[in-house]
Each structure stands twice: as structure tokens, then as C-alpha cells.
Amino acid sequence: QVQLVESGGGLVQAGGSLRLFCTASGSIFRLNAMGWYRQVPGKERDLVASIASEGSTDDANSVKGRFTISRDNAKNTIYLQMNSLKPEDTAVYYCKADIMTLQGDQLHDFYIWGQGTQVTVSS
């Protein structure tokens, strides 16, 4: 059984910073690409930033220069450092991971999502 647990959300004033954490646990054979997405009510879930297993990253234009994604493979954890936060960054932030598990001699590759963490930026 594999799961993602997020933490670090909260309420912050515009211009402030928050750091989100996402840790994968369970019988993981390999942790591939991981990413942060966000969603506001009535809208689709959008990519914020992603990071490959070797560390290459991709950021949404709206967060370039303000958010930084990183990962610690030894801890199966990714982070999202969010600086210069704006009210429009308010959303539920979700972690997503591409995970491989080994069951017997069978490799399984699938995506899982975390439960989400609320980020609220006040003006």
C-alpha cells in the first residue's frame, strides 16, 4: 500500500512564504516524477511544478521566479518553497507521484495523489 502525505499549508499574508512537504510511503520500488498541482473550486486542477527523479524541473509560468520545487530521494519527499505569495495563489495544493511497485515478479507503474493541503493568501 502506497500513499502520499502532504503538509505545510496554511494562511499567510500576501508577500509571505510557505513551504509544502509531500512524502511517499509504502512498498515503493521506484519513485519517478513527482509534482505539485493546485485547484480552486469550479476549476480544473493545474500543474504548479514538477520534478523528475534525476532532479530536472518544470514550473508553470505563473509561479516562475517565486516557487521552487525540490526533492530528497533518500526521504521520498518533495518540497515546494513558495515565496512572494499572492492572493491568486490561494488553492488546495495536491501532490502527485509516478510510483513503481514490485509484486512478486511483476512491476506496476501508476500515479497516486495526496489528500491536498489548503493554502490561503490574504491581501
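The values are calculated or read from the model by the stated rules, or taken from the named source; none is laboratory data. Predicted model, so just to flag it, every value in this text is computed and none were measured. Note that each Cβ is placed from the backbone with ideal geometry, even for glycine, and that neighbours are counted across all protein chains shown. Remember, those area values only see protein heavy atoms, side chains included, never the ligands or the DNA or RNA. Shrake-Rupley method; radii C 1.70, N 1.55, O 1.52, S 1.80 Å.
Among the residues in segment 25-35, are any open to solvent by 30 Å² or more (accessible area, probe 1.4 Å), under 23 Å from Val121 (Cα atoms) and in a strand (DSSP E or B)?
In the first step, residues of segment 25-35 are kept if they are open to solvent by 30 Å² or more (accessible area, probe 1.4 Å); the result is 25-30, 33.
Then keep just the ones that are under 23 Å from Val121 (Cα atoms); that gives none.
No; the residues of segment 25-35 include none that is open to solvent by 30 Å² or more (accessible area, probe 1.4 Å), under 23 Å from Val121 (Cα atoms) and in a strand (DSSP E or B).
For segment 10-24, give me each residue that is over 14 Å from Ile69 (Cβ atoms), part of a strand (DSSP E or B) and open to solvent by less than 30 Å² (accessible area, probe 1.4 Å).
Gly10, Val12, Ala24
Going by the conditions given, is Lys64 exposed (fewer than 13 other Cβ atoms within 10 Å of the Cβ), under 16 Å from the mean Cα position of the chain (by Cα) and either at pLDDT 95 or above or under 13 Å from Arg30 (Cα atoms) (or both)?
Answer is yes for this residue.
Cβ-Cβ under 9 Å, sequence separation 6+ or interchain: first residue in segment 67-83 and more than 10 Å from Gly55 (Cα to Cα), partner among the basic types (Lys, Arg) and assigned to a strand (DSSP E or B). Which pairs?
Partner pairs satisfying both residue conditions: Thr77/Arg71; Ile78/Arg71; Tyr79/Arg19; Tyr79/Arg71; Leu80/Arg19; Gln81/Arg19; Met82/Arg19.
One line per residue, one yes/no per condition, for (1) within 18 Å of Asp98 (Cβ to Cβ); (2) in contact with a Ser or Thr (Cβ under 8 Å, 6 or more places away or on another chain):
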| position | (1), (2) |
| --- | --- |
| Arg30 | yes, yes |
| Arg38 | no, no |
| Gly42 | no, no |
| Asp72 | yes, no |
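Only one residue in Gly55, Gly65 is closer than 17 Å to Lys96 by Cα and part of a loop (DSSP other than H, G, I, E, B), so which one is that? Give the steps one after another, and end with the answer.
Working: Gly65 fails: closer than 17 Å to Lys96 by Cα.
Result: Gly55 is the single residue among Gly55, Gly65 that is closer than 17 Å to Lys96 by Cα and part of a loop (DSSP other than H, G, I, E, B).
Checking the conditions here, which among Leu47, Leu4 is among the hydrophobic types (A, V, I, L, M, F, W, C), surrounded by 18 or more Cβ atoms within 10 Å (Cβ to Cβ) and out of contact with any Ser or Thr (no Cβ under 6 Å at 6 or more places or on another chain)? Explain how you work it out, then say what you get.
Numbers: Leu47 fails: surrounded by 18 or more Cβ atoms within 10 Å (Cβ to Cβ).
Answer to the selection: Leu4.
Can you work out which of the residues in segment 98-122 that are modelled with pLDDT of 95 or more and not in a strand (DSSP E or B) is surrounded by the most Cβ atoms within 10 Å (Cβ to Cβ)?
So the residue we want is Gly114.
Taking interchain pairs and intrachain pairs at least six residues apart, which have beta carbon atoms under 7 angstrom, with the first residue in segment 102-123 and at negative phi and the second open to solvent by 90 Å² or more (accessible area, probe 1.4 Å) and part of a loop (DSSP other than H, G, I, E, B)?
Leu102/Phe29; Leu107/Phe29
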